[in-house]
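Step one of this worksheet: look at the structure below.
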Amino acid sequence: MTVKLDTATARMPVLAAIRREFGEVAPLNGHRIALCGHVTAETAVQVRTLLALGAEIVWCASSTTTTDEEIAAAMRRDGVVVHGKRGMSDADLARGAHEVLSVWPEGPTLVLDEGAVLITALHRDFAHLPAPVLATEKTPDGLAALAGVGPLRFPVIKSDESFGKDAVDNPHGTAQSLVETIATVSARLLAGKVFVVAGHGRVGSGVAQKARGLGARVVVTEVSATKALLAVLNGYEVLPMREAARIGDFFCTVTGKPGVIGRDDLLAMKSGAVLANGGHLPWEIDQEALSALATGRRELAPGLEELTLSNGNTVELLGGGHIVNLSAGRGNASEVMDVTFASQVLALQLVLPKAADLAPGLHALPPECDEYVAAALAKALGIQLDEK
Ligand SMILES: NC(=O)c1ccc[n+]([C@@H]2O[C@H](COP(=O)([O-])OP(=O)(O)OC[C@H]3O[C@@H](n4cnc5c(N)ncnc54)[C@H](O)[C@@H]3O)[C@@H](O)[C@H]2O)c1
């Protein structure tokens, strides 16, 4: 046990409730789980919960920049196979996914995925393996990527679409950790500044709210009319990125889509603009365009790089354009990840007994998962309810 793992365990009451309630029955006994996820203390608590429920687990990192080496070492000491190293290459990341799928000759029976990495591989290079009984996907990017995989050969639960992600993790936990990372790493005052948020979805609406709470003047960019309208009704200005680029002091992308800040936007920015990506993949700020425009780069502080552009202006890039709260900050609070990870674990447990009847393809999380998670969290927070 490390202090970090100890602390995370104490701050994750919903997973603790699951271990207490289902540990003896061990509903995952005999299952082989392949897990793709950030190598953090919180994921380690989820892994330990799955082990306590009887499963065997192999784990690969879901990002090149977010592995906590101390946690990886602690889990390896416990005998868990973990593929991940902070600063690994994209090729090593892909190799890690392939290695976890090669551990068992008959492949995994269950898959917990992030970014659809393992599910995609099970339809391509590992299509010869027997289909797992069940999988879950926890990101919108991953669910979107699955559309390009073709017909799925096993059921996949959309654990991204849960009460925990919709109401707790994305708009509160992630949004708080993004805004605090941006403020802390840039060491700038937000009050009175123009803070541009690309995307007014679950994370973006929370980022806008938290940045406004610190006194920033928030501008939203969107491609969806409904989300743009919601942003206006929430009191924010909505502009195309090209116009927002001219006035922004801070930029935070949270769309899950590539090239949201492109070459011409970078050239339109004020000197000293701060750029951060909160999306899962490092593609929302066009890295190729940024590198091509950069005539000089220097590190101002850990996680904060100043780039001089060909027009003489500078921009400050946080976390190298990678998911900023995990690459340059301390990440999401354990109590938030508790809710998200508990939904995934419950999805496996509750769906597994009827998985044989599920058609291959995408399926919603059973409503009982949300009820269980909300009730356990309310109890942990000391919220008292009236009788129905
Ligand atoms: N940093 C973290 O810890 C963390 C946590 C959760 C999710 N995420 C990531 O954050 C991203 C957003 O997640 P979400 O749950 O808010 O998704 P979401 O689907 O709820 O919201 C995305 C929003 O972006 C908008 N959008 C799409 N393309 C756009 C563009 N070119 N310009 C402006 N807006 C655009 C969409 O219309 C949508 O409203 C994803 O990549 C997700 O994986 C990161």
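The values are calculated or read from the model by the stated rules, or taken from the named source; none is laboratory data. What you see is a predicted model; the values in this text were computed from it and never measured. We place every Cβ from the backbone using ideal geometry, glycine too, and count neighbours over all the protein chains shown.
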Among residues of region 91-140 being assigned to a strand (DSSP E or B) and within 16 Å of the ligand (Cβ to nearest atom), the residue farthest from LEU51 (Cα to Cα) is GLU137
Inside region 157-187, the number of residues satisfying the requirement of being away from the ligand (no atom under 16 Å from the Cβ) and in contact with a Gly (Cβ under 8 Å, 6 or more places away or on another chain) is 0
### Task
Answer yes or no: is there a residue in region 167-177 that is touching a residue at least 40 places away in the same chain (Cβ under 8 Å) and within 28 Å of GLY361 (Cα to Cα).
yes
When region 270-311 is checked residue by residue, the ones that are away from the ligand (no atom under 16 Å from the Cβ) and in a loop (DSSP other than H, G, I, E, B) are LYS270, SER271, GLY272, PRO302, SER310, ASN311
Checklist entry - Do the conditions hold for MET88, that is, is it assigned by TED's automatic domain parsing to the domain that holds GLY37 and in a helix (DSSP H, G or I)? => result no
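Can you confirm whether GLU299 is outside the structural domain of THR40 (by TED's automatic domain parsing) and of a type in the set (Asp, Glu)?
Here the answer is yes, as GLU299 does meet what is asked.
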The condition of being in the same structural domain as ALA52 (by TED's automatic domain parsing) and in a loop (DSSP other than H, G, I, E, B) holds, among LEU346, LEU365, LEU350, only for LEU365
Across region 233-244, the tally of residues that are surrounded by 14 or more Cβ atoms within 10 Å (Cβ to Cβ) and not in a strand (DSSP E or B) stands at 6
By residue number, the members of region 352-380 that are crowded, with 21+ Cβ neighbours inside 10 Å and closer than 19 Å to GLY142 by Cβ are LEU365, CYS369
Pairs returned, first residue in region 250-264 that is at positive phi, second residue that is in a strand (DSSP E or B), beta-carbon separation under 9 angstrom, 6 or more apart or interchain, are GLY259/ILE285
Flagged in region 208-232 as in contact with a Gly (Cβ under 7 Å, 6 or more places away or on another chain) and either part of a helix (DSSP H, G or I) or outside the structural domain of LEU267 (by TED's automatic domain parsing) (or both), in numbering order, are LYS227
